[in-house]
1. Could you sort LYS218, LYS211 by their accessible area in this structure, using a 1.4 Å probe and putting the largest first?
2. Multiply the residue separation of VAL203 and LEU26 by 0.36 nm, subtract the distance between their alpha-carbon atoms, and state the gained length in nm to one decimal.
3. Run the quick spin-label model on ASP90 and ALA276: label points 7 Å from Cα toward the beta carbon, then report their separation in nm to one decimal.
4. Roll a 1.4 angstrom probe over the protein heavy atoms and tell me the percent of accessible area of segment 40-97 that is carbon or sulfur.
5. Using a 1.4 Å probe, what is the accessible area per residue for segment 1-156, in Å²?
6. In whole angstrom, how far apart do the alpha carbon centroids of segment 27-89 and segment 109-133 sit?
7. Rank these residues by their accessible area, most exposed first, probe 1.4 Å: HIS118, HIS113.
8. Estimate the FRET efficiency between GLN48 and GLN215 by the formula 1/(1 + (r/R0)^6), using the beta-carbon distance for r and 30 Å for R0, to the nearest 0.05.
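The values are calculated or read from the model by the stated rules, or taken from the named source; none is laboratory data. Just so we're clear, the structure is a prediction, and the values are computed from it rather than from any experiment. A quick note on method: Cβ atoms are made from the backbone with ideal geometry, for glycine too, and the neighbour counts reach across all protein chains shown. Just the protein is used for accessible areas: all its heavy atoms, side chains included, with ligands, DNA and RNA removed. Shrake-Rupley method; radii C 1.70, N 1.55, O 1.52, S 1.80 Å.
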Amino acid sequence: MRFCFIVEEQYRNDAMPRVIADQLRLWGHDVDELEAQRAVTCLTDLQQQGYDAFVLKSLAEGPGLSILEAAEAVGIPTINNSRAISLVRDKAVAVAYAHAHGLPIPETYFVSHPRLLHQIPAEDYPIVVKPSNGSSCKGIYRLNSPDELEALEIAEAGESFFLAQRYAENPGFDMKVYVTGNEVYAAMVRQSVLHGEVSERFVPLTPQVRKLALQVGKLFGLDIYGLDIVDTPQGPAILDINDFPSFGRIPRAVVRISEYVLHAAKRAEMERDLRAERARQRHEAQLRKKEQNGLKPGVRASSATTLDSTNSEHLAASICE
């Protein structure tokens, strides 16, 4: 099979997703890497390039998403799909969408600038403030009360919009859950960046967390994704959803993701073939129906009723009488 991996500038030196491309090459597949910030992309011959799928590990404002959407527009499968990426990349959209569909999300406010934080009711504190397009746990602040607003200095002010999320009581650890398709591989607990030095360890998945992770994938239409979850007194709550995370320290992550990319591309190929076969069968059925009605393919029936010669003679005789 043939793949195109769109590599955003920020991830040029990262292992993911290049290690997936390398693994696919080892298995005998053709993989091209497209750096949208360094090369032009010919949009008018995307279909002729013969790609079975495009793969993107995206930035919120990166050009890769535009190329991915163009590939989808001409019928090329993509991993993840652009709609799913758009839903989770803007964290304000992801929060609203998840909550509207019944997923457990802490109460969250959209804040266009940190100076507006004083409008959040005091009873909603403590709150966690983070960029709406953030990643890699950067730019996260905890405020225990409105009194702390005076001393708050946010380096990202003016560069992003923000979310102010009610702090969910938890044991001080976030749980990282990694998913490809319907496979939930591992849960990694790490000490929260809000509680000092970060440390990590693996824990067994609970049925509740596994069910929640799969619900997210089904709702958003994600193929490869990760979740940040905290265990609250009311049960697990979702703090963040990430398309195509790093899968750091997950056993056999490269092989598992590579296998899923192949599976997704082959599934899409089978679906395309099935659609083509169904279209062919419908066309043949229409031709057979026309033939059964005494019509040759491509010939339209006259709206007027045609009388054969015998009927014409009977009609003439009745008139003469």
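1. Values: LYS218 180, LYS211 130 Å².
In descending accessible area the options line up as LYS218, LYS211.
2. Values: separation 177, 0.36 × 177 = 63.72 nm, distance 3.19 nm.
Contour length minus Cα-Cα distance gives 60.5 nm.
3. 3.7
4. Details: 1340 of 2400 Å².
Within segment 40-97, the accessible surface is 56 percent carbon and sulfur.
5. Working: 7690 Å² over 156 residues.
On a per-residue basis, segment 1-156 sits at 49 Å².
6. 35
7. Details: HIS118 125, HIS113 55 Å².
Heavy-atom accessible area, descending, gives HIS118, HIS113.
8. Working: r = 39 Å, r/R0 = 1.30.
E between GLN48 and GLN215, to the nearest 0.05, is 0.15.
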